[in-house]
Amino acid sequence: MLIVLALIILFHLASAALLFAATIYNSWWVVSTSTETVFYSDLWFTCNETCYSVAKSHTADAAYLQTVQATMILATILCCIGFFVFILQLFRLKQGERFVFTAIIQLLASVCVMVAASVYTAQKDSFHEAKLREGTYSSSYYLAWASFPMTLLSGIMYLVLRKRK
């Protein structure tokens with residue numbers, strides 16, 4: 001049982017690490033131009049040699065981008081809260097009870113990640129500048145999609161898991 005518990009904790013920490021990396025790292029979108037200038041764009045900045053804020057990111061025109069920003073931050077926060085709630089429940093639950101509250105938090109985190117990645121996929125052209133529209137998805141985007149099934153599976157594992165001795 002101790003091995004299963006350790007694996008669940010490692011799985012939860014791995015999904016949290018993926019969420020942090022996807023939210024913070026500056027590579028959701030990459031554009032290589034014919035002059036070999038490479039532009040990277042994330043949820044907050046667009047970079048080549050220098051970084052500058054995403055154009056109009058503070059206006060209503062970028063409401064989709066703000067949705068992605070908010071839901072990724074919320075997913076990361078929920079995943080961290082879920083870990084601390086799991087640790088508290090580990091010591092407070094009676095034997096035989098399920099980790100339902102932790103599961104709900106993890107499932108909400110997975111929904112937030114799914115919403116963020118889906119909105120980014122569907123609306124990427126609405127908040128990218130014209131010179132950035134011919135790019136491709138990059139590593140942070142894929143990390144966000146990879147963290148979705150991990151947080152979902154983590155939530156399901158917490159639903160199934162019962163506290164034992």
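Quick notes on this structure:
- If R0 is taken as 22 Å, the Cβ-Cβ distance between Ser139 and Phe84 corresponds to a FRET efficiency of 0.20.
- Ile9 exposes around 40 Å² of accessible area when a 1.4 Å probe is run over every protein chain in place.
- Option label - Rg and Dmax of the Cα atoms in Å computed here, alternatives [x] 20.5, 78; [y] 18.5, 64; [z] 14.6, 46: [y]
- Span-rule helices in the chain, defined as complete DSSP H runs reaching 30 Å or more along the axis (Cα) with Kyte mean at least 1.6: 2-24, 63-92
- Unit charges at the beta carbon, dipole of the chain: most positive-side option, Phe84, Thr23, Gln66: Phe84
- Spin-label model distance (nm) - Gln95 vs Leu159, 7 Å beyond Cα toward Cβ: 2.7 nm
- Test item: Cα-centred dipole of the chain, Lys/Arg +1 and Asp/Glu -1 on Cβ, debye: 1160 debye
- Per-residue ellipticity at 222 nm from helix content only, as computed over the chain with -39500 (n - 2.57) for each DSSP H run of at least four residues, stands at -22000 deg cm²/dmol.
- Under a 5 Å amide H cut-off, with hydrogens placed 1.01 Å from N, Phe45 pairs with Val54 among residues at least 5 apart or on other chains.
- Tensor-based shape of the range 71-143 (alpha-carbon gyration tensor, a/c under 1.5 rounded, otherwise prolate or oblate): prolate
- Largest mean-square fluctuation among Ala117, Ala103, Ala62, in a Gaussian network model of the chain whose springs join Cα atoms under 10 Å apart, belongs to Ala62.
The values are calculated or read from the model by the stated rules, or taken from the named source; none is laboratory data. It should be emphasised that the depicted structure is a prediction, and the values quoted were computed from it without experimental measurement. For neighbour counting, all protein chains shown are included, and Cβ atoms are generated from backbone atoms with ideal geometry for every residue, glycine included. Accessible surface is based on the protein model in full, side chains and every heavy atom, while ligands, DNA and RNA are left aside. Shrake-Rupley method; radii C 1.70, N 1.55, O 1.52, S 1.80 Å.
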